[in-house]
Every structure is written in structure tokens, then in C-alpha cells.
Amino acid sequence: MRINFRFSTALVGVLSIASFAAAAKDYNRLNISDAAVLFIDHQVGLFNLVQDTNPDSFKNTILAVGDTAKFFDLKVVLTTSREDGPNGPMMPELKAKFPNAPYVARPGQINAWDDPEFVNAVKATGKKQLIISGIVTDVCVTFVSLSAKAAGYDVFVVTDASGTFNEAIRDASWSRMEASGIQLMNWFAVACELARDWRMDLEGLANLFGSHMPNYKALMDGYNGAVASAKK
């Protein structure tokens with residue numbers, strides 16, 4: 001059997017492996033001192049469009065990201081799109097967590113990065129790492145994430161605090177963002193990467209996780225019960 005070997009094909013393969021290896025070494029971690037959180041269009045009307053996840057867990061995760069931002073004292077920017085129309089206002093529970101944060105009610109720009117007031121609010125945080133979530137994933141999240149990445153920011157998208165019409169659209173959006181070097185993370189991973197070490201505040205982290213994850217609260221309750229019993 002004759003095997004056809006092309007140098008160009010081999011070269012592409014070698015370069016692909018080298019590129020993958022280089023990317024694997026480049027672990028760009030979230031850093032509390034350089035991270036800001038952007039909440040994009042978490043609006044009560046748009047919330048009804050989300051069909052790729054359970055609505056109760058979705059809302060819980062959005063608020064968990066908010067509590068994470070407060071726990072680590074991160075800079076936050078909130079924005080909405082045409083909230084005077086069917087999109088509706090921002091989720092009141094989320095907005096109430098950040099009464100003093102910049103709040104940009106965009107008059108019409110679909111991509112928040114097209115609004116100078118929003119971009120200036122992001123710049124004013126002085127942070128290079130942007131933790132982004134929003135509704136819907138394929139538009140409001142993807143557009144601003146790609147724009148921020150092009151502007152030189154390191155972008156981290158919180159996947160389970162973002163939602164859209166269905167899983168196929170969600171997956172295509174994730175692929176598009178990943179191809180541009182945007183990191184996709186879930187809420188729990190974001191919180192853990194920011195913390196880095198349980199010793200920074202064991203009780204605080206446990207309370208943060210337990211307040212949004214019933215199974216984690218059960219874990220902690222079981223542990224605390226066992227410790228209390230052992231001391232008797």
C-alpha cells in the first residue's frame with residue numbers, strides 16, 4: 001500500500017500541536033485586584049426568552065454572580081437595552097445589590113460596546129479582566145465580549161449566568177467566543193479562581209456557596225454537625 005505524504009499537511013499538524021501546547025501553558029487566571037463584573041441586559045422582559053436552562057436556577061446563578069462580586073468587593077457595571085420597551089427594566093433583585101454602581105440604560109445600541117457611556121464606565125473601573133454575563137448569550141453577551149476582547153481586555157464569560165433561546169444557539173455562541181480567545185467559566189469556577197485559597201475566608205466562601213447551592217449547604221451542615229457531635 002502506498003502512503004501519500006505531503007510536507008504541507010505535516011507542517012500544519014506540527015503547528016497545530018505547537019499552538020495547542022502554547023495555549024495550554026498560558027493560564028490566564030482571574031485576579032481580584034484586576035477584575036470587574038459586567039451585567040449585560042439581565043432584564044425582566046428578556047428573561048422570558050431564555051429556554052436553554054431552568055429559569056429558577058438561572059435566576060439563582062445571576063444573583064450568585066452578584067453576591068460573588070460583593071463578596072470580593074469587585075467593581076461592577078450594569079447596563080440595559082431599551083428598558084422602556086418590552087425588554088423591561090433590570091431584574092430588581094440584581095439592581096438592588098449595587099445601588100452605587102454605574103448603571104447605563106442604553107437608548108438603543110444592541111451591542112453595549114457601541115454606547116460611549118458604557119465603554120467609559122468600563123474604562124473607569126481601571127480593570128483589565130472583565131467578567132461578563134447577560135441575556136441573550138448570542139447577542140448581548142457575545143457582541144460586547146468580542147468588542148471588549150478586540151479593545152484589549154481579557155474576557156471571562158459566566159456561562160450559567162447567561163441564557164438564550166435554545167442549546168444549539170448557546171453552543172454556537174460559545175464556539176464563536178472561544179475562537180476569539182474568550183474564556184468560558186461557570187459561576188462556581190469564577191468564585192473559586194478569584195479566591196484561590198480557602199484560607200482567605202473559609203467561612204465566608206462556605207456561606208457564599210451554601211446560599212446559592214443547596215447541595216453545598218447540605219455538605220457544610222453535615223460537616224458542622226459531625227464536628228459538633230465529636231466535641232460532645
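The values are calculated or read from the model by the stated rules, or taken from the named source; none is laboratory data. Because the structure is predicted, anything quoted here is derived from the model rather than measured. FYI the Cβ positions are ideal-geometry reconstructions off the backbone, even for glycines, and counts take in every protein chain you see. SASA here: full protein model, heavy atoms, side chains in, ligands and nucleic acids out. Shrake-Rupley method; radii C 1.70, N 1.55, O 1.52, S 1.80 Å.
Please report the carbon-and-sulfur percent of the accessible area for the chain; probe 1.4 Å, protein heavy atoms only, DNA, RNA and ligands left out. That share works out to 56 percent.
Among the listed options [x] 24, 20, 18; [y] 32, 27, 18; [z] 30, 19, 17, the one matching semi-axes √(5λ) of the Cα gyration tensor in Å as calculated from these coordinates is [y]. For the stretch 93-232, the relative contact order is 16 percent, taking Cα pairs closer than 8 Å that sit 6 or more residues apart in sequence and dividing their mean separation by the residue count. The mean accessible area for residues of the stretch 175-232, using a 1.4 Å probe and ignoring ligands and nucleic acids, is 64 Å² per residue. Shown here for the stretch 149-216: trypsin sites (Lys or Arg not before Pro) in loop regions (DSSP other than H, G, I, E, B) with at most 12 other Cβ atoms within 10 Å, namely R196.
Across the stretch 210-227, computed HN-Hα scalar couplings (Karplus, 6.51 cos²θ - 1.76 cosθ + 1.60, θ = phi - 60°) run x, 6, 10, 10, x, 5, 6, 5, 4, 4, 5, 4, x, 5, 4, x, 5, 5 Hz from first to last residue, x flagging Gly and Pro. Computed from point charges on the beta carbon alone (+1 for Lys and Arg, -1 for Asp and Glu), the dipole magnitude for the chain about its Cα centre is near 640 Debye.
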